[in-house]
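Notes for the one structure printed next.
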Amino acid sequence: MELRILVYIISLLFWTSCSSEKEDYVPITENAKLEFTVPANFPEPSYNVTLNPPTEKGFELGKKLFYDGRLASDGVISCGFCHIQDFAFTHHTHIVSHGVNGALGTRNAQPLHNMAFMKEFTWDGAAIHLDLQPIIPITAEVEMNETFTGIIKKLEEQPEYVKLFAEAFEDQKINSDNMLKAISQFMIMMISANTKYDKVERNEGSVFTEQESAGLELFKSKCASCHQGTLFTDQSYRNNGLPIDPEYNDVGRKRVTGLEEDIYKFKVPSLRNIELTFPYMHDGRLKTLEDVLNHYSDGMVDSRTLDPIFKSQNNIKGIPMTTEEKQLIIAFLKTLTDDDFLNDDRFSEF
């Protein structure tokens, strides 16, 4: 059975069975809607905000859940444990994610920003909707290793959660559906769109340096085929020529689709805040941006699913770049760092 179908079936089971039986909810208080604004240079969101409009109480609940270790079996590992705001909500001190009891995953924690504009989630696209995405880390043995039944039971025992769920949702219930919607309300508000690049693109007074301008032109010719548009990803899945790690042999997208043509393909990541989201690649094997560009120029390994974009008529693999060109591209990439987002108190734990 394909992994995405399995996730969907599991989600239905959670939503129908994991709900509170309690009747003693407090009356609903005023719950103001939050303004979800699409930046002028952004595309329309993929997430249907009208079906789960963010509210003050829903956002507050989602934030509390995001940073609460009760969502894990050990009571310690929260979503925020592997997604740290200072580093664009990544876990850059670890190559791969760390879970309960010191368990190690096989993939690097992805950054969290502009999630409302993404169509699928995780490195292999196993989650086809943002509301479903948390199911994977919450239930994975090497991550949070918990059940929704166990989480709901723990939340019901906390008066603060009883109050927050009642205030955030019309049905006032503590259940899996409301829990996942609250987390989504928190995440869809996490928009990173105030970088130097954005200010230049929106004609807001910023100007690129000579190096940054030269780097942008090189980026357009050498990188933008995959890292397209304002989101800096075409949201496709590609084999970018990484040598196969024999210890894990992560098959990538094939794990979801079951198709041989998808083996070793991983989702093209957004490059926003890329300066801070190291280490890089799905397994965190590359430490620096220089390492990444060196891989694309000289480190690719051929395979039957290597993306054709990396092959020439002479079957030369990679993207030709000089050392100087790499430094110029990196200068441009650093204009994608959003300090306002990284320091936004709305998203901080404390």
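The values are calculated or read from the model by the stated rules, or taken from the named source; none is laboratory data. On a predicted model such as this, the values are computed, not experimentally measured, just so you know. So basically every Cβ, Gly included, is an ideal-geometry build from the backbone, and we count neighbours across all protein chains shown. The protein model used for the area step is the full one, side chains on, heavy atoms only, and it has no ligands, DNA or RNA in it. Shrake-Rupley method; radii C 1.70, N 1.55, O 1.52, S 1.80 Å.
With an 8 Å cut-off on Cα pairs and a minimum separation of 6 or more residues, tell me the relative contact order of the chain in percent.
In percent, rounded to a whole number, it is 22.
So what are the ³J(HN,Hα) numbers for the range 67-78, from phi and the Karplus equation (6.51, -1.76, 1.60; θ = phi - 60°), rounded to whole Hz, Gly and Pro as x?
Going residue by residue, I get 9, 9, x, 5, 6, 10, 5, 8, x, 10, 6, 9 Hz, with x marking Gly and Pro.
Considering only protein heavy atoms and a probe of 1.4 Å, how much of the accessible area of the range 49-192 is carbon and sulfur, as a whole percent?
Roughly 54 percent, rounded to a whole number.
Measuring with a 1.4 Å probe in the full set of protein chains, what accessible area per residue, in whole Å², belongs to the chain?
So the chain comes to 47 Å² accessible per residue, rounded to a whole number.
Which residues make up the longest stretch of the chain that has no trypsin sites (Lys or Arg not before Pro) in a DSSP loop with at most 13 other Cβ atoms within 10 Å?
120-286
How much of the pair distance distribution for the range 49-192 lies past 23 Å, counting alpha-carbon pairs only, in percent?
The answer is 30 percent, as a whole percent.
If you average 1/r over every pair of different alpha-carbon atoms in the range 163-289 and take one over that average, what Kirkwood value in Å do you get?
Across the range 163-289, the inverse of the average 1/r is 18.3 Å.
Let me see the pair-distance distribution of the range 190-246: every alpha carbon pair, 10 Å bin width, integer percents in order.
Reading upward from the zero bin: 19, 41, 27, 11, 2.
Please identify, among S46, S97, S270, the residue showing maximal mean-square fluctuation in a Gaussian network model of the chain using a 10 angstrom Cα cutoff.
S46
Between D245 and N343, take the C-beta separation as r, use R0 = 45 Å, and let me know the FRET efficiency to the nearest 0.05.
0.80
Please find the FRET efficiency linking E157 to L259, where r is the Cβ-Cβ separation and R0 is fixed at 51 Å, and quote it to the nearest 0.05.
0.70
Just the number, please: Stokes-Einstein D of the chain in µm²/s, Kirkwood Rh from C-alpha pairs, 10 °C, 1.306 mPa s.
74
Taking amide H positions as placed 1.01 Å from N in the peptide plane, with prolines and chain starts having none, which residues 5 or more places from K287, or on another chain, fall under 5 Å of its amide H?
Amide H to amide H, under 5 Å and 5 or more residues apart or across chains, K287 pairs with Y280.
Can you send over the carbon and sulfur percentage of the accessible area for the range 292-350, probe radius 1.4 Å, protein chains only?
Carbon plus sulfur share of accessible area: 49 percent.
Quick one: which of K33/K334; K153/K267; K64/K119; K63/K267; K33/K163; K196/K254 span more than 28 angstrom between C-alpha atoms?
K33/K334; K153/K267; K196/K254
Hey, can you grab everything whose amide H is under 5 Å from the amide H of G252? Only 5+ residues off in sequence or another chain; H modelled, so Pro and N-termini drop out.
Y264
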